[in-house]
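The values are calculated or read from the model by the stated rules, or taken from the named source; none is laboratory data. Only a predicted model underlies this, so the values are computations on that prediction, with no experimental measurement involved. Cβ sites come from the backbone with ideal geometry, for glycine too, and all protein chains shown count toward neighbours. The area values use the complete protein model at the heavy-atom level, side chains included, leaving out ligands, DNA and RNA. Shrake-Rupley method; radii C 1.70, N 1.55, O 1.52, S 1.80 Å.
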Amino acid sequence: MPYQENKDFETIIGRVGDCLKEGLPFCIYRKPNQSQITAVFQLEDALHSVVDFSEKGFVFAPFQFENGAVLLKPDEIFVTQMENSEHSPFGEIQLSEIGRNDHLELIKKGIEEINTGRLSKVVLSRKLEAETKLSPPEIFTQLLQHYPNAFCYLFHHPKIGTWCGATPETLMTIQNREIKTMSLAATLPFVEGEVPQWKEKELEEQQMVSDYIRERLTGLMESLDIEEAKSVRAGNLWHLKSRINGKMLPKTSVNKIVSLLHPTPAVCGIPTQKAKEFILKHENYRRTYYTGFLGELNLNQATETSLYVNLRCMELKGQTASIYVGGGITKASDPEREWVETQNKSKTILHIL
């Protein structure tokens, strides 16, 4: 295990800034509802890949997993503690309608495909761009302050780019064959003092994800328990989430679990392969690392892995942030409501910028 060195936050952020200038890979992150901030530094700019998930380091994987996942070698690890502080609420922001018609047409195509019976669900997304005067470390610091319940991160590799985000979704955590994951779907805006009122479309969408995970994992588990769906808040949004706990059979590998769970129905669709083919054919851009996954791989001990789905994220190039947002489409979807959902999701990042 690499030596974890305790540093203060300002020192770590200063090192992050130096790495950005020098073109050296790193990732700095904080897990949901925790106070520890961890920074993993690779001391040369080589591009390493994950082979079978027995490696040690920080993994950053694309939506198209067959294209290969990046592995940051943990040459140095810095840690610090930062308690969540009170922050002022966001004000209102003006949302652009650029791309609206194209996205509505995309959703209509998705519904048409579902009506043929070839798909039950497909997750369709779009990319928007915004200008920012904030540096990547400043954006990361803002994410930490405003989204304590999310996995907040800033990742950089000179051969990949600079990404950051605050994702509400765990792909999986594994420790000594004990696996924890979640079924997360459906979205409503958070309104102070109001309880979310879920419609049949959202309830059905969430149940689809739970059923899919049960089907994929059952043969690899000694036991598998899926809890009832509950409303959970992520920033200015509500989602439906079911916690899932299981015990892996002795011969089940992390590699096998990852290949079965990614991409999840929450970011791709059902059936997965047909939904993925539809996405690659009809979305008018390439997702690259949006809806991929990232996290610790055997970093603290050999049998411990923590991976998160790369949602509520952006890619940073100079003063431009490319923001990615999407939503699950089922036969009950209304294109206008789906557009509004992506607008609401975009606020997570736009408020920060």
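Once the whole set of protein chains is in place, how much accessible area is left on VAL232, using a 1.4 Å probe, in Å² to the nearest 10?
About 40 Å², ignoring ligands and nucleic acids.
Let me have the relative contact order for region 24-115, percent, based on Cα pairs under 8 Å that are six or more residues apart. Write down the numbers at each step before the final one.
Numbers: 108 pairs, mean separation 24.0, N = 92.
Here the relative contact order equals 26 percent.
How big is the dipole moment of region 207-353 about its Cα centre under a simple scheme where the beta carbon of each Lys and Arg is +1, that of each Asp and Glu is -1, and everything else is neutral? Debye, nearest 20, please.
Details: 20 positive and 15 negative charges, 42 e Å.
Once rounded to the nearest 20, the dipole reads 200 debye.
Taking a probe of 1.4 Å, how large is the accessible area per residue of region 139-182, in Å²? Mind dumping the intermediate values first?
Numbers: 1230 Å² over 44 residues.
Here the per-residue accessible area is 28 Å².
Once you keep just the Cα pairs under 8 angstrom separated by 6 or more residues, what percentage relative contact order results for the chain?
On the way: 743 pairs, mean separation 88.7, N = 353.
The value is 25 percent.
Write down the Kirkwood hydrodynamic radius of region 274-315, to one decimal in angstroms, obtained as one divided by the mean of 1/r over all alpha carbon pairs. Each step should come with its number before you reach the end.
On the way: mean 1/r = 0.0808 Å⁻¹.
One over the average 1/r among Cα pairs gives 12.4 Å for region 274-315.
Can you list residues from other chains, or at least 5 along the same chain, whose modelled amide H is less than 5 Å from the amide H of HIS48?
LEU71
When Lys and Arg each count +1 and Asp and Glu each count -1, what net charge do the other residues less than 14 Å away from GLU5, Cβ to Cβ, add up to? Let's see the in-between values first.
On the way: positive: LYS7, ARG15; negative: ASP8, ASP75, GLU76.
Around GLU5, the surrounding residues sum to -1.
Quick one: grab Rg to one decimal and Dmax as a whole number for region 57-201, Cα atoms only, in Å.
Final numbers for Rg and Dmax: 19.2, 53 Å.
Using a 1.4 angstrom probe on the protein heavy atoms only, could you order SER231, SER35, SER183 from most to least accessible area? It would help to have the intermediate numbers written out before the result.
Details: SER231 50, SER35 30, SER183 0 Å².
Ranked from most to least accessible, the order is SER231, SER35, SER183.
What pairs in LYS199/LYS317; LYS121/LYS180; LYS56/LYS281 have C-alpha atoms more than 28 Å from each other?
Numbers: LYS199/LYS317 39 Å; LYS121/LYS180 24 Å; LYS56/LYS281 35 Å.
Violating the 28 Å limit, Cα to Cα: LYS199/LYS317; LYS56/LYS281.
Can you work out ³J(HN,Hα) from phi for every residue in region 286-299, in order, using Karplus 6.51 cos²θ - 1.76 cosθ + 1.60 and θ = phi - 60°, giving whole Hz and x for Gly and Pro?
With coefficients 6.51, -1.76 and 1.60, one gets 9, 5, 6, 9, 5, 6, x, 8, 7, x, 7, 10, 6, 7 Hz.
Applying 1/(1 + (r/R0)^6) with R0 = 30 Å to the Cβ-Cβ distance of LEU203 and VAL340, what FRET efficiency is obtained, to the nearest 0.05?
For LEU203 and VAL340, the calculated efficiency is 0.95.
Can you pull the semi-axes for region 17-129, root of five times each eigenvalue of the Cα gyration tensor, sorted largest first, whole Å?
Details: eigenvalues 255, 119, 47 Å².
Ellipsoid semi-axes (Å, largest first): 36, 24, 15.
Highest mean first, what order results for 193-199, 289-295 on Cβ atoms within 10 Å?
Order by mean packing, descending: 289-295, 193-199.
Tell me the net charge near LEU299. Cut-off is 13 Å between Cβ atoms, LEU299 excluded, with +1 for each Lys or Arg and -1 for each Asp or Glu.
Working: positive: LYS31, LYS56, LYS73; negative: GLU55, ASP75, GLU76, GLU296, GLU304.
Taking every Cβ under 13 Å from that of LEU299, the sum is -2.
How big is region 204-323 in terms of Cα radius of gyration and Dmax, in angstroms?
In Å, with Rg to one decimal and Dmax whole: 16.2, 50.
In debye, nearest 20: dipole of the chain around its Cα centre with unit charges on the Cβ of K, R (+) and D, E (-)? Walk me through the numbers before you get to the answer.
Details: 40 positive and 46 negative charges, 152 e Å.
For this selection, approximately 740 debye.
Along the three principal axes, how long is region 183-238 when you take its alpha carbons, biggest first, rounded to the nearest angstrom?
Extents along the principal axes, in whole Å: 42, 19, 15.
For every other residue with a beta carbon closer than 9 angstrom to the beta carbon of HIS103, add +1 if it is Lys or Arg and -1 if Asp or Glu, then tell me the sum.
-1
Need one number: convex hull volume per residue for the chain, Cα atoms only, in Å³.
On the way: hull volume 46.1 nm³, N = 353.
Cα-based convex hull of the chain, divided per residue, equals 131 Å³.
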